[in-house]
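Everything below concerns the one structure shown next.
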Amino acid sequence: MTAVDTHEQESWFHRNQQRIAPWLFLAPGLLFFMVYVIIPVFQSFNLSLYEWDGLGAAEYVGFRNYEDLYWEWSDRDAFYISLKNNLIWLLLYLAAIPAGLFIALFLNQTVWGIRLYKSLFFFPFVISQVVVGLVFTWFYDPTFGLLNEFLGFFGMGPVNVLGDERFVTYGIIFAGLWPQTAYCMILYLTGLNAVDPEQIEAGRLDGAKSWRMLWHIILPQLRPATFIAFVVTIIGALRSFDLISIMTQGGPFGSSRVLAYYMFEVALSEYGFRMGYGAAIAVILFLIMLCFIGYFLWSMYREERGH
């Protein structure tokens, strides 16, 4: 290689350095994302086309696992209950977003003892979901739980939240909202630190106060935090597993199942080992997530193009 060729290569690198450098930094993350997310998604879809117990030879059955989900009577009820509970989780879990926003607005004030308040609201985020499940299991206990002690002051009888098919799903969702609200609060606190104070001052000069200030000035600047909060909350609602496993194990009578726990039951529990059937449930759950997240990504993209 001549000195001229070396000089041409160096000049090409220097000319494209700013375009190459970001990809070099992204390469490790993209590699891990490809190996641990993208490839397993396609493997799950491929596995859903087989009947396999995890040990012997896999038998290709096409879309029979998906047909069993919708048409086989013994599986259909469990699948539809799980799907219905996932939709309930999704709708009610979104309450963590406005709750986290208003807590963040409160904690963003300069008042006495604000560090103590921040620590108390931040605490649920750092503890394990297993601990949250155990705490709320004791809280709901019909014999010594604080909930029934509180209801007793008003002359109301004990309520077995986790043992009643009518209340069990809502009781678990309420337990999950505790740490999820703390997570959304952290996202909004970070976003509030980036709010432009000049726009707030301009709004005050124009007479914007309270709700008008929040709606027209603060919330538009919190759009990135809101997008992340929506995506994380939707994913958390659809992949809910830990609390159900700790608090009810899908009971009573399977009434608190969700798709993720039902997938575990049919694929990995002692009465399961239907790996292809479990993979079919996983594919459906992934497609539901993809629809919601794709919608938010498309909305953000249109807004960015509009600006």
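Between residue 119 and residue 249, the modelled label-to-label distance comes to 3.9 nm, taking each label 7 Å out from Cα in the direction of the beta carbon. Spatial offset of region 235-252 relative to region 119-158 amounts to 17 Å, using the alpha carbon center of each. Close amide H contacts of residue 58 (hydrogens built in the peptide plane, cut-off under 5 Å, sequence separation of 5 or more or a different chain): none are found. Put a dot 7 Å past the Cα of residue 24, heading toward its Cβ, do the same for residue 216, and the two dots end up 4.9 nm apart.
A P(r) calculated from all alpha carbon pairs of the chain, with 20 Å bins opening at zero, reads 24, 47, 25, 4, 0 percent. In order along region 82-94, the phi-based Karplus estimate (6.51 cos²θ - 1.76 cosθ + 1.60, θ = phi - 60°) of 3J(HN,Hα) comes to 5, 5, 4, 5, 4, 5, 5, 4, 4, 5, 7, 5, 5 Hz; Gly and Pro are listed as x. Think of it as helices only: each DSSP H run of n ≥ 4 in the chain is worth -39500 (n - 2.57), and spread over all residues that comes to -22500 deg cm²/dmol at 222 nm. Packing around the peptides 123-131, 15-23, 212-220, 165-173, taken as the average count of other Cβ atoms within 10 Å per residue, puts them in this order, highest first: 165-173, 212-220, 123-131, 15-23.
You can think of it this way: the chain between residue 194 and residue 156 has 8.9 nm of extra reach, that is 0.36 nm per residue less the Cα-Cα gap.
If R0 is 41 Å, the Cβ-Cβ spacing of residue 223 and residue 17 corresponds to a FRET efficiency of close to 0.80. For region 72-306, the relative contact order works out to 27 percent when only alpha carbon pairs closer than 8 Å and six or more residues apart are counted. Cβ-to-Cβ counts within 10 Å put 51, 198, 59 in ascending order as 198, 59, 51, the fewest first.
Readers should treat all values here as calculations from the given coordinates under stated rules, not as data from a laboratory. Since we're looking at a predicted model, the values are computed, not measured. For neighbour counting, all protein chains shown are included, and Cβ atoms are generated from backbone atoms with ideal geometry for every residue, glycine included.
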